[in-house]
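Beneath this line is the structure, given in structure tokens, with notes to follow.
No lab work stands behind these numbers, since they all come straight from the coordinates. None of the values given here were measured: they were computed from a predicted structure. Glycine also receives a Cβ, built like all others from the backbone with ideal geometry; neighbour counts cover every protein chain displayed.
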């Protein structure tokens, strides 16, 4: 607890020294303290004869999933996900993403420990909405939504949350693999690399885990869902490339605004064609029912931009080799790392991209 207090005090001190953002840091510290204060050891709950049977089942699943993550995916074996917290709300945090009207790049906000990231998170939905409204007034494209889990990157022992267990066994597994991957490797100020790394580990782990369960139907459903997710990611990537060309053009703002709207109209048409090829699957309808803009594209691209490259590396190298490769990448500068990833995406050998040591 003393280490916890010191860490949180450092966070507040950093905010006060910068002269801004203190209310934001206060809500962040308060939200984190709430999680830590309400933790109950999972083992204690599982031994309680009065525990809800459904909760007992999912917590028991989480114990075995966490063991699999440590033993098979070589993810950190620490106190994380050995406790449980019921927050009595549907999401743990609400994230806000923003981008300028004529830019596909997300805004970055910088914080102690995490560096600069492509989103801003709030433990209170109303606070997130207020912040988003201010960005809209300033002319930004915005996108926001609740999230079921997040990682403190090993600084604290993250608990299992009620927001995580609501989606069932497969949902819990994906979240645990993803969030523990963030603890295994995190590079300050590179959200796209961090999220692609964690997502690659998540997807790789899910496929192995489902094969171990010998549930062929569940594995087929998962692989089909990942195929659709990949195609959706490609659709977003094409749209971002289309918009980048529009924004870089010589036209005035009014013309760019019209071209931007036409591009999103085209994207909706492309989605309908894609959806038909999926047999009418509606899993992305909700995303398209919202207002589409640069920020909503960035929210997807942050996770998907480098994913094909990293997933290919993981499939080729296996877990240990992949981690060694990623550790090496983490030591590069942002520009060097992006050059490596871009080159690998075109099939260029790693040796020709890494700087000489």
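Descriptive notes on the structure:
- In plain terms, the residue of 319, 136 with the fewest other Cβ atoms within 10 Å comes first and the most crowded comes last, giving 136, 319.
- Taking 0.36 nm per residue of sequence separation and removing the Cα-Cα distance, the residue 208/residue 147 pair yields an extension gain of 19.5 nm.
- Modelled label reach - residue 342, point 7 Å along Cα→Cβ, the stretch 294-321 residues with backbone N closer than 14 Å: 306
- Most fluctuating residue given options 181, 69, 157, as computed from a GNM of the chain linking Cα atoms under 10 Å: 157
- Packing-based exposure ordering (other Cβ within 10 Å, fewest first) of 219, 341: 219, 341
- Taking the DSSP bridge list for the chain and keeping only pairs wholly inside it, about 90 percent are antiparallel.
- Förster radius 25 Å - calculated FRET efficiency between residue 237 and residue 333 (Cβ-Cβ, nearest 0.05): 0.55
- Helix-derived mean residue ellipticity, 222 nm - over the chain, DSSP H n ≥ 4, -39500 (n - 2.57), to 500: -20500 deg cm²/dmol
- The slack in the chain from residue 223 to residue 105, taken as 0.36 nm per residue of separation less the alpha-carbon distance, amounts to 39.5 nm.
- Arranged from fewest to most other beta-carbon atoms within 10 Å of their beta carbon, 190, 130 become 130, 190.
- Residue 88-residue 48 pseudo-label distance in nm [points 7 Å out on the Cα-to-Cβ vector]: 1.4 nm
- Computed E for residue 67/residue 319 - FRET, C-beta separation, R0 22 angstrom, nearest 0.05: 0.90
- Length-normalised contact order of the stretch 16-189 in % [C-alpha pairs under 8 Å, at least 6 apart]: 28 percent
- Based on C-alpha pairs under 8 angstrom that are at least 6 apart in sequence, the chain has a relative contact order of 18 percent.
- Computed E for residue 255/residue 285 - FRET, C-beta separation, R0 35 angstrom, nearest 0.05: 0.70
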